[in-house]
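Here is the structure we will look at, set down as C-alpha cells.
Taken together, the values in this text are just the output of simple stated rules run on the coordinates, not laboratory data. Here the structure is a predicted model, which is why all the values come from computation and not from measurement.
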Amino acid sequence: MSLSRPLPAETRRRLNENDRRWPFKLGMRAVATLFAFIAMILFAVTTSESKKNYGGNDWVDGMPLAPVLLALFYDPLVIFLTLYQRHGRPIHPGWHVGVDLFVWALAVPSVVFSVGDGWFWYWQPVLLEFDGIIPCDEWNFWSYQCNPLIYTLGKMEIAANVFLALILFIHFTLFVFACIATHKWRKANKKVTATERRNIESTYHRSPEEHKELQLPDYTPRAEVSRSDVDHDENPFKDPGHNAGPSEDGNSWKDVERDALKYS
C-alpha cells in the first residue's frame, strides 16, 4: 500500500472502533518524529564540533542522542504498523507503556545534564579598553568577539534541548494514554473472566476449578503397531515348524516330507 493513498474504509472503521483518539495519538507521534530528527542533527553537530575544537569527549551533548534516536525509530514504526501493516488493528498498549516510559525517562536526565553544562553558560560580555580595542585575553576569552564558536554551539544546544523537552512532553502524554488503555484492557479481560465464572457456577452449580477437574480427559488415540513390529518369536499364532531349520541329519528332503505329513 502506498503511503500517499488515503486509508481504506475498513482500516478507518477498525481505528475508530478501537480508539477514537487515534488521529491525535498518531499525530503526536508524527510531530515527535520530526522533532527527534531535528534534535538529532543539532546534538550530533554540537557534539562533533565541541570535540573537534575543544577536545575531550562531550558526553553531555551525546547523552540526549539516546532518547532522540529511540523516539526517531519507534514513533514512525508505530504509525506504519498501525495504518499499513496491521490495517487498523491496535498494538498492545503494554508496548507503548514500556517504550514511551523509556523515552521520557531518558530524556529527563539528558535535558538536565545538557542544560546544566551547556556552552551558553560561558557567555560573557566583552570588556573594552580605553581606546576601544578588544583584547582577547583571559577577561575576554569567552566573549563573542574573541570566541564566536561557543555562541553558535550554545544556540544549537538551546534549540536542541527545546526540541528534546517537547519530545519528553509528547512521550509523557502518550505514556499516560497508554497506561489508561492498558488499565481498560486488563479490566475488560477480568470482566470476561468473571462472566464466564458466573456462567459455570449458575449452570453446573460448582466452581470453575471443580468443573475443570470433572471434565473427561482428551481422547488420545493409541499408536498403531504394524505387523513387522511384532517379534516373530512372541507371535502366539505362528507355526511351530515354520522357518524351522533342517533336521539333525541335515537332510532337507526329510524336512519337506515331515511338513507334508503334518498338513495331510
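Here the contact order of the range 4-159, divided by its residue count and restricted to Cα pairs under 8 Å and six or more residues apart, works out to 25 percent.
Rg(Cα) of the range 61-176 divided by 2.2 N^0.38 Å?
Taking N as the residue count of the range 61-176, the ratio is 1.58.
What is the distance in Å between the Cα centres of the range 40-110 and the range 162-191? Between the Cα centre of the range 40-110 and that of the range 162-191, the gap is 17 Å. Put simply, the range 1-148 fits an ellipsoid with semi-axes of 47, 15, 12 Å; these come from the alpha carbon gyration tensor as the roots of five times its eigenvalues, largest first.
Report D for the range 81-127 in µm² per second (integer): Stokes-Einstein, Kirkwood Rh on Cα pairs, 4 °C, 1.567 mPa s. D, rounded to a whole number, is 91 µm²/s.
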